[in-house]
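Following: one structure in structure tokens, then a few remarks.
All of the numbers you see were taken from the coordinates with simple rules; none came from a lab. Predicted model, so just to flag it, every value in this text is computed and none were measured. Glycine also receives a Cβ, built like all others from the backbone with ideal geometry; neighbour counts cover every protein chain displayed.
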There are 2 protein chains.
Amino acid sequence: MKVALAQINPTVGDIGGNVDRILDYARRAAAAGADLAVFPELCVCGYPPLDLLENDSFVDSCEAGLARIEAGLPDGLAAIVGSPIRNPTPVGKRIFNAAVLIDDGQRMATIHKALLPTYDVFDEYRYFEPGHERAIVEWRGHRIGLHICEDMWNNEEQADYHLYRENPVDELADLGAEIFINISASPFSLGKHRRRTEVVEEICREHGLPFILVNQVGANTEVVFDGDSRVHAADGSLVRCAPSFEEALIIWDSESGPEKCPAGYAESEELHGALVLGIADYFHKTGAFSKALVGLSGGIDSAVTCALAVDALGSDNVVGVTMPSRYSSEGSISDSRDLAENLGIEFHNIPIEPAVDAFGKMLEPVFHGTQEGIAEENIQARSRGVTLMGISNKFNYLLLSTGNKSEMSVGYATLYGDMSGGLAVLADVYKTQVYDLARYMNEWAGREVIPRSTIDKPPSAELRPDQKDSDSLPEYDVLDAILRQYIEGQRDLRRIVAATGYAENLVEQILNLVDRNEYKRRQAAPGIRVSTKAFGMGRRVPIVMRWSRADAGIKTKVQTG
Amino acid sequence: MKVALAQINPTVGDIGGNVDRILDYARRAAAAGADLAVFPELCVCGYPPLDLLENDSFVDSCEAGLARIEAGLPDGLAAIVGSPIRNPTPVGKRIFNAAVLIDDGQRMATIHKALLPTYDVFDEYRYFEPGHERAIVEWRGHRIGLHICEDMWNNEEQADYHLYRENPVDELADLGAEIFINISASPFSLGKHRRRTEVVEEICREHGLPFILVNQVGANTEVVFDGDSRVHAADGSLVRCAPSFEEALIIWDSESGPEKCPAGYAESEELHGALVLGIADYFHKTGAFSKALVGLSGGIDSAVTCALAVDALGSDNVVGVTMPSRYSSEGSISDSRDLAENLGIEFHNIPIEPAVDAFGKMLEPVFHGTQEGIAEENIQARSRGVTLMGISNKFNYLLLSTGNKSEMSVGYATLYGDMSGGLAVLADVYKTQVYDLARYMNEWAGREVIPRSTIDKPPSAELRPDQKDSDSLPEYDVLDAILRQYIEGQRDLRRIVAATGYAENLVEQILNLVDRNEYKRRQAAPGIRVSTKAFGMGRRVPIVMRWSRADAGIKTKVQTG
């Protein structure tokens, strides 16, 4: 049995293009002598198609795509592809999430996904009827335990809690599978490579069977898929592995021995790969933009965003603009210019004083007698937003917003100001991780790409004289530790205090800021998801709500709006 | 049997406040001689609680709330309340959506919702394990078929398609129910009153049993609940009915005869009720704002938004600002002023030329040699946005954005410009409906609140000389007919052409505009949902996607971004 793992990067909805790509990889697989080419979950339409699935014509398109694959596969090659297919019964959701085995111009077998993830960024039960019965796929004398993504994730024998009542992998083993094949659209998050390895190893060891996993690669709007396709031997050992964050065709021969796989990846390396792919795929898959545009403040977030954009798109395709105000330090302008020079990008300096002055005069009759404060600070940030959006609209540039997860969590950002943009590159990256990423990128480049002074100076929004982030927020290592507990850890006040040892009133203040700023995040640009819990489609919190921790025996009233 | 239907307006997350309200209504029910008070689905925490349900402390708070209700009910009164409760088994989702019957200080019965809506704005399978078994609630000699919201919506005997495999209502009848009680959080959409009546009538006639439905009232972020609680007799006839869009306590005595209920409501009357409630609840439940703020263009959308805000909050709590540019007609300023005078609200006139000029000069070095176009138009809209947000930030006003559904569909709006705001009042109201609403409000007031010239003049964004909406878009009756087919009807090109008779290339152009502008809507303020398919949480379309209708045998390639 010679299997090709086709780790492809489909574009959501581009059924014609995806089928072309599938047939291209099939030809390469056949040329490499494979008997069977395995493609990712829903590769015909790309994952996640979301509500496109509710459009009848869309499902028609997928059926037409499957027919093209049936007709177009090279002689002698079978293929397993993922596609939505109609539920022919008049009961339940209208479609199944299916794995189809095609051989000799025909659909030899169709398997329906049984476990439908409906949590975090996943909404599968919104669309799909679960597969109610399990069956072995018998093909050319092999007994394949074919299943789809989540179907393998209910298998932890040691766990004291299971999300699902069924365990498809165990059922397939009981039915006499000789090998497992899993087709996935399993998103990246930091540490996912290790977790995937552990789960597959456990399945192999439990059942004494080899395991092939083929995962989608690429970014579709906010969700990044890392690929990380692999083959594990019957003893659980990893014997073949595809790279992360790029397309690949890997050939595995059941008769040949193991090849060496990397033990794992460093966090900044993984982050860099995911974010660069996220920018590149947003840019190229939309096909709507001529270049990317970044507002450069001299600070670490905009510098890292800009450097990532250059890695994703090349220095000719990135434009930097610095927009100093009366509160900008000279260092901010020179650091921005140095960054642009280090990166070799087009650079503009547009002071915002004229706009800020104009708004000041226009609003004077209304603001008369009030004290300067947040309103005036936001006018500066929004004057920058209007400037950048003007350039974006004029030249069709993709504006990248630069706010990090720490800031987005506590609302330390201006709606329609620095939050403006089509893609929020660092929205799921904590400030402390942004620093690590800056150092990693400089090290990797072997030179100072991100200026040392940008890395070394204390963070500031520079919206009033001598402002520092630390005037309003705790130090970022403290803030990030609390935020990780609350957002990714989904722990609440008491457990966070117990886990971190920080003062209850500090933790509570941070939690309340997170709750209260949902309205800003609801209007934020989509961010590139790199953690297990990103803001956006994976975290759905009401804007209008008054949850009082007092009701759970915990003090204070949260008010948001 | 004397039952109180307690149609209350809970606030999401305000468990202490909601329990206070439940106990208050219970006292009033007891004072009116009721044996049983019935409250809406999840009334302890408010609906929809969304991901608050994933927080352990939140479910603790609900459990504590239930304990307070057990201890606090008046002597002799039983109550049915809705609350999340923990799934005690180690399999499945962690909580149930439950109806709890409390009598004599104890939980006498607990019913788990069986059918979990997971479509449109609903995400229930994200949180809840379905109830796997049905049981009759036996209480003081009555056999109650107690169930929750969606449990009653799989009962259309004539339908040739059923979303669910189970039918809880039929099962409860088979188990010997003598009366059905349904507790709901069933959102409003136009026509929902009639639909609800039809479904309950059919159940009553099929089983020959009376039916009590108690529904939540109030708006929580984007979703409006109309109440519309009711009692149907065993023959299906409507015998008691609560008003729509307000709290109510209705007493039904099984021994007494029918009372007269309204046959239905006119569309503009329903729209007005829903939108006024949507504004009022956003404002009061957040408790975050001192007044509401509306930018007045002299056009119909801002006029209707402003008049609705006055109906919701009173004229003392609404501020209007007109912001003329060089392209504004004199009529636009005078119509805005007339409207403000008619409504009796505070009014400001802030010309935006200084800001527009400033941005023009700032961008001149970059824009040099380019033609004036969309970029310059957007700078005007965004200068207004910055002005309004400045006032909003300074005085803590809730900025209401004014774009209608027709414009939001095709992207005829400026991101960070006229789309700025905390709540998008008309985002789910088509332009043709906005006109109807304006006429309805003037008629109802018996005077010209919305100036006649605002209603009569051709719509214009006034962003360039002599601009009219009809330069870029078809007439609104045509546009809205196509949009309704695509968005609410979920039909695609061929079926829309067949249904409307409009030219294929016109329909196609509109559909492509809708698809292509998802990126704008993703960053829009939440809108008040009044249709069966609103933008926002109920319509989840990828931003990065290339669906080509050519793949379904339909021409053209859609490119978005």
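Please work out whether region A:2-257 counts as rounded, prolate or oblate from its C-alpha gyration tensor, where a ≥ b ≥ c are the square roots of the eigenvalues and a/c under 1.5 means rounded, while otherwise a/b larger than b/c means prolate and anything else oblate?
Working: a/c = 1.30, a/b = 1.07, b/c = 1.21.
Here region A:2-257 falls in the rounded category.
Once C-alpha pairs closer than 8 Å and six or more residues apart are averaged by separation and normalised to the residue number of region B:2-261, the relative contact order reads 19 percent. For region A:525-540, 3J(HN,Hα) computed residue by residue from phi via the Karplus equation (6.51, -1.76, 1.60; θ = phi - 60°) reads 5, x, x, 8, 7, 10, 10, 7, 8, 9, 5, x, 5, x, 9, 10 Hz, glycine and proline entered as x.
Between A:Val224 and A:Phe188, A:Arg529, the built amide H atoms are under 5 Å apart, and every one of these is 5 or more places off in sequence or on another chain.
Each other copy places its own label point for A:Asn349 at 4.2 nm from this one, sorted shortest first, where the point lies 7 Å along the Cα-to-beta carbon line. Largest first, the extents of the alpha carbon coordinates of the protein assembly as shown on the three principal axes equal 83, 73, 67 Å.
Does region A:109-255 come out rounded, prolate or oblate by the C-alpha gyration tensor, with a ≥ b ≥ c the root eigenvalues, rounded set by a/c under 1.5 and, if not, prolate when a/b is larger than b/c and oblate if not? Don't skip to the end; give the middle numbers.
Numbers: a/c = 1.39, a/b = 1.07, b/c = 1.30.
Taking the square roots of the gyration eigenvalues as a ≥ b ≥ c, region A:109-255 is rounded.
3J(HN,Hα) along region B:145-156: x, 7, 7, 10, 6, 3, 3, 8, 9, 10, 10, 7 Hz, from the Karplus curve 6.51 cos²θ - 1.76 cosθ + 1.60 with θ = phi - 60°, whole Hz, x for Gly and Pro. Lacking any other cysteine beta-carbon closer than 4.7 Å, the following Cys residues of the protein assembly as shown have no compatible partner: A:Cys43, A:Cys45, A:Cys62, A:Cys149, A:Cys204, A:Cys306, B:Cys43, B:Cys45, B:Cys62, B:Cys149, B:Cys204, B:Cys306. The amide H of A:Leu296, built 1.01 Å from its N in the peptide plane, has A:Val321, A:Thr322, A:Met323 as neighbours under 5 Å, considering only residues 5 or more places off or on other chains. Beta bridges per DSSP, both residues in the protein assembly as shown: antiparallel share near 50 percent. Annotation: amide H-H contacts under 5 Å for A:Ser548 (H modelled 1.01 Å from N, sequence separation of 5 or more, or interchain): A:Val558, B:Ile15, B:Gly16. Partners of A:Lys457 within straight-line reach, counting lysines whose Cα lies under 25 Å from its Cα and excluding those fewer than 8 residues away in the same chain: A:Lys405, A:Lys431, A:Lys468.
Residue by residue, region B:102-113 carries 3J(HN,Hα) couplings of 10, 8, 6, x, 9, 7, 7, 7, 9, 10, 9, 4 Hz when phi is fed to the Karplus relation 6.51 cos²θ - 1.76 cosθ + 1.60 (θ = phi - 60°); x denotes Gly or Pro. To the nearest 10 degrees, how steeply does helix A:353-367 sit against the main Cα axis of chain A, on a 0 to 90 scale? Compared with the principal axis, the helix lies near 70 degrees.
Other residues with beta-carbon under 13 Å from the beta-carbon of A:Ala499 carry, at +1 per Lys or Arg and -1 per Asp or Glu, a net charge of +1. For B:Val91, the label point sits 7 Å beyond Cα toward Cβ; its separations from the matching points on the remaining copies run 2.1 nm, from shortest to longest. If you add up the charges near A:Leu77, with Lys and Arg at +1 and Asp and Glu at -1, over every other residue whose beta carbon is less than 14 angstrom from its beta carbon, what do you get? Every neighbour counted, the sum reads -2. Here each label is just a point 7 Å from Cα along the line to Cβ, and for B:Ala31 and A:Asp471 those points are 5.3 nm apart.
Take every DSSP beta bridge with both residues inside chain B and express the antiparallel ones as a percent of the total, to the nearest 5. Spell out each step's value before the answer.
Numbers: 37 of 71 bridges.
In chain B, DSSP labels about 50 percent of beta bridges as antiparallel.
Remind me, relative contact order of chain A in percent, using alpha carbon pairs under 8 angstrom and six or more residues apart? Computed value for chain A: 11 percent relative contact order.
Residues B:Glu171, A:Glu41, ranked from the fewest to the most other C-beta atoms within 10 Å, line up as B:Glu171, A:Glu41. Taken over region A:416-561, the percentage of Cα pairs per 10 Å bin, counting from 0 up to the bin with the maximum distance, is 10, 32, 39, 16, 3, 0. Residues A:Lys192, A:Lys405, ranked from the fewest to the most other C-beta atoms within 10 Å, line up as A:Lys192, A:Lys405.
Counting other C-beta atoms within 10 Å, which of A:Phe39, A:Phe395, A:Phe359 has the fewest, and how do the rest follow?
Details: A:Phe39 30, A:Phe395 16, A:Phe359 26.
Going from sparsest to densest Cβ surroundings: A:Phe395, A:Phe359, A:Phe39.
Set the Cα radius of gyration of region B:252-363 against 2.2 N^0.38 Å, with N its number of residues, and you get 1.52.
Given the pairs A:Lys520/B:Lys285; A:Lys533/B:Lys93; B:Lys2/B:Lys192; A:Lys93/A:Lys113, which are separated by over 20 angstrom at their Cα positions?
Values: A:Lys520/B:Lys285 17 Å; A:Lys533/B:Lys93 18 Å; B:Lys2/B:Lys192 27 Å; A:Lys93/A:Lys113 13 Å.
Cα-Cα > 20 Å for B:Lys2/B:Lys192; rest within.
Label zone (A:Ala503, point 7 Å along Cα-to-C-beta; backbone nitrogen cut-off 15 Å) within region A:397-417: none.
Angle of helix A:267-286 to the longest C-alpha principal axis of chain A, folded into 0 to 90 degrees and rounded to 10: 90°. For B:Glu372, the distances from its label point to the matching points in the remaining copies are 3.4 nm, ordered from shortest, with each point set 7 Å beyond Cα toward Cβ. State whether chain B is rounded, prolate or oblate according to the following rule on the C-alpha gyration tensor (a ≥ b ≥ c being the square roots of its eigenvalues): a/c under 1.5 gives rounded; otherwise a/b larger than b/c gives prolate, and the remaining case gives oblate. Prolate, since a/c reaches 1.5 and a/b exceeds b/c. Using only Cα atoms and rounding to the nearest 10 degrees, what angle (0 to 90) does helix A:504-516 make with the longest principal axis of chain A? Approximately 80 degrees, to the nearest ten.
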